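What follows is a single structure, written as structure tokens, with notes after it.
The values are calculated or read from the model by the stated rules, or taken from the named source; none is laboratory data. Because the structure is predicted, anything quoted here is derived from the model rather than measured. For neighbour counting, all protein chains shown are included, and Cβ atoms are generated from backbone atoms with ideal geometry for every residue, glycine included.
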Amino acid sequence: MNQSQTDFLIIGGGVIGLSLAYELGRRGAKVTLLEQGEWGGQASSAAAGMLAPLKEYKEPGANLDLGMKSLQMYPEWVRELRELSGVDPQLAMRGVMTIAMDESEAKMWHDKYQWQKAAGYPVEWVGQEDLRKLEPALNPDTLGAIYSPTEGDVNNVLLLQALLLACQKIGVQLIQGAVATKLLTGHNETKIRGVETTQGKLYAEQTIITAGAWAGVIAGWLGLTVPIFPVRGQIAAVSAGSLELRHVIFGAQGYLVPKQDNRIVIGATEDQAGFRREVSMAGLASVLTSVLPYVPSIGEATFLRAWAGLRPGTVDGLPMLGPIGDYEGLAMASGHYRNGILLSPVTARTMADWLLTGDRSGLTPFLPERFFRGQVVQESEPAV
């Protein structure tokens with residue numbers, strides 16, 4: 001393995017790590033990206049690819065602001081990736097319908113619609129009669145919906161391919177199949193110099209942990225307690241056949257995401273099963289049956305496959321972006337929960353702004369110091 005010094009060493013080749021490597025590399029930095037398994041093989045490839053911050057976040061605040069900023073970046077970001085890589089991530093901004101099936105849901109969603117509308121977000125309330133015209137496949141008993149026309153989805157698997165090829169073309173050093181085993185320090189034990197792997201040592205001026213649900217494991221090598229935990233999400237796909245869904249459909253119990261390759265992705269469960277990624281019978285049954293009341297004809301669709309991913313949750317619901325406590329040369333971009341695909345472009349740009357120019361203004365609500373303050377290294381071995 002090449003042990004030469006690099007500017008930035010990124011640990012974790014999911015959508016966040018690939019996006020950050022691409023952003024740093026396109027700005028001229030020397031970047032190495034390390035992935036122990038498949039590129040994007042964890043939560044990134046298991047996602048449904050929704051781009052829907054107005055659907056996702058229940059209240060105004062830092063998460064919603066970050067999500068809306070990232071959503072606005074998506075069209076240009078995808079265009080650049082498509083032109084550089086030759087891969088089309090199939091971005092579709094067809095809108096999202098957040099539907100109400102009973103009176104309690106109608107009140108809940110209408111209350112959400114009211115504060116979003118008052119805040120100036122592009123949302124509409126669609127009544128029962130108009131809803132049938134906009135989305136004929138919906139259950140005619142659906143009472144109403146929040147319609148957010150600027151939201152949509154992307155094919156996350158193709159997005160990962162585009163990012164990987166783009167990174168290759170701009171000269172990012174991509175190392176696959178090497179497992180990180182220890183963060184390297186020098187005589188100053190709070191200066192991180194890189195990482196030791198099963199294939200040798202890698203040195204960098206700055207090491208960034210983008211390992212999703214495993215980020216806490218890596219930081220734990222320094223004696224740090226990182227409040228990131230895995231949340232299993234089980235998802236399925238069926239063939240769309242002749243069923244035409246015009247929008248992403250989201251309800252209180254599940255969602256349906258129509259894709260341009262004639263699939264409909266259905267999800268998703270949320271359960272804490274440690275680092276287990278198996279699909280359970282109970283989970284699969286829940287996924288498939290939860291959306292039947294929304295689109296009854298989906299019951300006749302041909303089942304294709306089911307899978308699961310581990311989302312990196314945090315105790316306060318905010319991602320962790322920026323330097324880690326008192327450590328020099330160590331940072332983190334993780335904890336995006338189920339919005340890693342949505343937040344990739346804004347995370348990459350905001351982190352790169354800080355790493356290259358020192359501008360931390362975009363990181364303020366998400367800085368890891370809210371958890372790491374006061375934590376210092378306990379045991380460490382100098383690098384040789």
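Specify the residue that is farthest from D316 (Cα to Cα); the eligible residues are those in segment 222-239 that are in contact with a helix residue (DSSP H, G or I) (Cβ under 9 Å, 6 or more places away or on another chain) and part of a loop (DSSP other than H, G, I, E, B).
Applying the filter and picking the extreme gives L224.
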Among the residues that make up segment 115-129, is at least one of them under 23 Å from the mean Cα position of the chain (by Cα) and at positive phi?
no
First in segment 90-108 and under 17 Å from P122 (Cβ atoms), second anywhere and of a type in the set (S, T, N, Q) and surrounded by 19 or more Cβ atoms within 10 Å (Cβ to Cβ), Cβ under 6 Å, 6 or more apart:
V96/S148
Odd one out for L256 among (1) surrounded by 23 or more Cβ atoms within 10 Å (Cβ to Cβ); (2) in a helix (DSSP H, G or I)
(2)
Close pairs from segment 315-341: first assigned by TED's automatic domain parsing to the domain that holds K182 and among the acidic types (D, E), partner surrounded by fewer than 18 Cβ atoms within 10 Å (Cβ to Cβ) and in a strand (DSSP E or B), Cβ under 8 Å, at least 6 apart:
E328/K191
Selected residue (only one of L174, L158, L184, L138 is surrounded by 15 or more Cβ atoms within 10 Å (Cβ to Cβ) and part of a helix (DSSP H, G or I))
L158
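Scan segment 10-34 for residues that are part of a helix (DSSP H, G or I) and either at positive phi or charged (D, E, K, R) (or both) and jot them down. Break it down into steps so the answer makes sense when it comes.
As a first pass, look at segment 10-34 and keep what is part of a helix (DSSP H, G or I): 15-26.
E23, R26 - these are the residues of segment 10-34 that are part of a helix (DSSP H, G or I) and either at positive phi or charged (D, E, K, R) (or both).
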If L292 satisfies all but one of (1) closer than 18 Å to V96 by Cβ; (2) at pLDDT 95 or above; (3) not in a strand (DSSP E or B); (4) not β-branched (V, I, T), what's the number of the condition it fails?
(1)
Kindly provide the set of residues from segment 199-221 that are part of a loop (DSSP other than H, G, I, E, B) and surrounded by 24 or more Cβ atoms within 10 Å (Cβ to Cβ), ordered by number.
T210, A211
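Take Q72 and decide whether it is outside the structural domain of L18 (by TED's automatic domain parsing), in a helix (DSSP H, G or I) and either in contact (Cβ under 8 Å) with a residue 40 or more places away in the chain or touching a Cys at 6+ places or on another chain (Cβ under 6 Å) (or both).
no
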Looking at L9, is it buried (at least 24 other Cβ atoms within 10 Å of the Cβ), in contact (Cβ under 8 Å) with a residue 40 or more places away in the chain and either among the aliphatic types (A, V, I, L, M) or touching a strand residue (DSSP E or B) at 6+ places or on another chain (Cβ under 8 Å) (or both)?
yes
Just checking, which of L304, L310, L342 is among the hydrophobic types (A, V, I, L, M, F, W, C), at pLDDT below 95 and within 30 Å of G241 (Cα to Cα)?
L310
Given the structure, is K55 outside the structural domain of N339 (by TED's automatic domain parsing) and more than 13 Å from L164 (Cα to Cα)?
yes
So is V265 over 17 Å from L138 (Cβ atoms), among the β-branched types (V, I, T) and surrounded by fewer than 21 Cβ atoms within 10 Å (Cβ to Cβ) or not?
no
Identify all residues within segment 26-48 that are surrounded by fewer than 24 Cβ atoms within 10 Å (Cβ to Cβ), more than 23 Å from E328 (Cβ to Cβ) and modelled with pLDDT of 95 or more; write none if there are none.
R26
Do the conditions hold for L64, that is, is it under 28 Å from F229 (Cβ atoms), over 16 Å from the mean Cα position of the chain (by Cα) and crowded, with 17+ Cβ neighbours inside 10 Å?
no
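Yes/no matrix, rows are residues, columns are (1) surrounded by fewer than 22 Cβ atoms within 10 Å (Cβ to Cβ); (2) assigned by TED's automatic domain parsing to the domain that holds Q260; (3) not in a helix (DSSP H, G or I):
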residue	(1), (2), (3)
V87	yes, no, yes
S104	yes, yes, no
W115	yes, yes, no
C167	no, no, no
Any chance segment 42-57 includes a residue that's free of Cβ contacts under 8 Å to residues at least 12 places away in the same chain and more than 28 Å from M93 (Cα to Cα)?
no
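Results for (1) more than 23 Å from V78 (Cα to Cα); (2) of a type in the set (G, A, S); (3) at pLDDT 95 or above, shown as yes or no for each residue.
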position	(1), (2), (3)
Q161	no, no, yes
L164	no, no, yes
K191	yes, no, no
T207	yes, no, yes
Per-region count, segment 309-352, residues among the small types (G, A, S), in a loop (DSSP other than H, G, I, E, B) and more than 19 Å from N63 (Cα to Cα)
2
